[in-house]
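One structure is given below, encoded as structure tokens.
The values are calculated or read from the model by the stated rules, or taken from the named source; none is laboratory data. All values reported here derive from a predicted model rather than from experimental measurement. No Cβ is skipped: glycine too gets one built from the backbone with ideal geometry, and neighbour counts run over all protein chains shown. Remember, those area values only see protein heavy atoms, side chains included, never the ligands or the DNA or RNA. Shrake-Rupley method; radii C 1.70, N 1.55, O 1.52, S 1.80 Å.
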Amino acid sequence: MAYMPATRLVIKCGTEVLYGKGGWMVSKPKEDRWSSIARQVVAAEEMSGVSMILVSSGAVRAGQENFKGTSSIFQLGKREQWAGIGTRHLLKHWGDAFGCFGREIAYLLVSRATLRDSGERQAIFSAIADYHRCCIVPILNENDVALEGEGGGNDLLAADIACLTGASGVLFLTECGGVYEIDPWRHPGVRRYSEIDPRTALTSSWLEDGMAGKLLEVVRCFAMGMRTAVAGLERDSIQRFAAGEPVGTMIGNSVSFY
């Protein structure tokens, strides 16, 4: 199936895409992945003229990594506290990755309260537009420290920002690379959808796992007329998605497998 190339694209980067699958006690940043994302974003902007917005998870993991192996790791129990520490490290990873390709980044912390305020919504929209005009890559992250349990995660933030900015597409990057019939980590060899319709997505067994919230936001974006997909980083998926090619699992009107 052919799709129209994107004009403005939101890329949601999950924690496992950046740090790998597994517990944080054994994970390390996948520097090659950070570089791959930066390279593809810059290439898509320069070759296709698409404006890119990144929504990045990983602040909590970055904070935990910084204190791994010290006694302090047992004294901070809330994810919001780890995010406060990890934000600096997450920002450095992104800055270094895009710096290698001659690009500056702008980092915006956003909360649900911010997006409910019309004045602040407009300020965020204007800032993103200004950054794009200056060829600066905007990277957004949910302001975990200020949430106090209210937030809906960066998947929800990605959908909200896509709606706010009038994005033509949203790509949710995950370590597993798409949507499967059942959990592929527990059941190797299961089939992956190449396309899935909203009804199937919202009633699949993934609703019992961590994919649940993501699928809700993916379907919400699709319902607003955006081209949406859940994919991994393989085969330059960001560039291909920006160019209008299908990647990972596309949300559509039918159900098919690879």
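Given (1) of a type outside the set (Gly, Ala, Ser); (2) at pLDDT 90 or above; (3) open to solvent by 30 Å² or more (accessible area, probe 1.4 Å), where does Thr174 come up short, assuming only one miss?
Thr174 satisfies every listed condition except (3).
List, please: which pairs have Cβ atoms under 6 Å, are six or more places apart or on different chains, and start with a residue in segment 103-114 that is farther than 20 Å from Ala38 by Cα and end with one that is exposed (fewer than 15 other Cβ atoms within 10 Å of the Cβ)?
Close Cβ pairs satisfying both conditions: Arg112/Glu150; Thr114/Glu120.
Quickly run through segment 96-111 and pick out the residues that are buried (at least 17 other Cβ atoms within 10 Å of the Cβ) and assigned to a helix (DSSP H, G or I).
Ala97, Phe98
Scan (1) modelled with pLDDT under 95; (2) buried (at least 19 other Cβ atoms within 10 Å of the Cβ) for the single condition Pro188 breaks and write down its number.
Every condition holds for Pro188 apart from (2).
Which residues, counting only those in segment 160-187, are in a strand (DSSP E or B) and under 15 Å from the mean Cα position of the chain (by Cα)?
Gly169, Val170, Leu171, Phe172, Leu173
Go over the candidates Ala223, Ala242, Ala212 one by one and state the one that is among the aliphatic types (A, V, I, L, M), open to solvent by less than 40 Å² (accessible area, probe 1.4 Å) and touching a residue at least 24 places away in the same chain (Cβ under 8 Å).
Numbers: Ala223 fails: open to solvent by less than 40 Å² (accessible area, probe 1.4 Å); Ala212 fails: touching a residue at least 24 places away in the same chain (Cβ under 8 Å).
That would be Ala242, the only listed residue that is among the aliphatic types (A, V, I, L, M), open to solvent by less than 40 Å² (accessible area, probe 1.4 Å) and touching a residue at least 24 places away in the same chain (Cβ under 8 Å).
Would you check if Leu115 is at pLDDT below 95 and out of contact with any strand residue (DSSP E or B) (no Cβ under 6 Å at 6 or more places or on another chain)? Walk me through how you get there before you give the answer.
Numbers: at pLDDT below 95: yes; out of contact with any strand residue (DSSP E or B) (no Cβ under 6 Å at 6 or more places or on another chain): yes.
Criteria met by Leu115.
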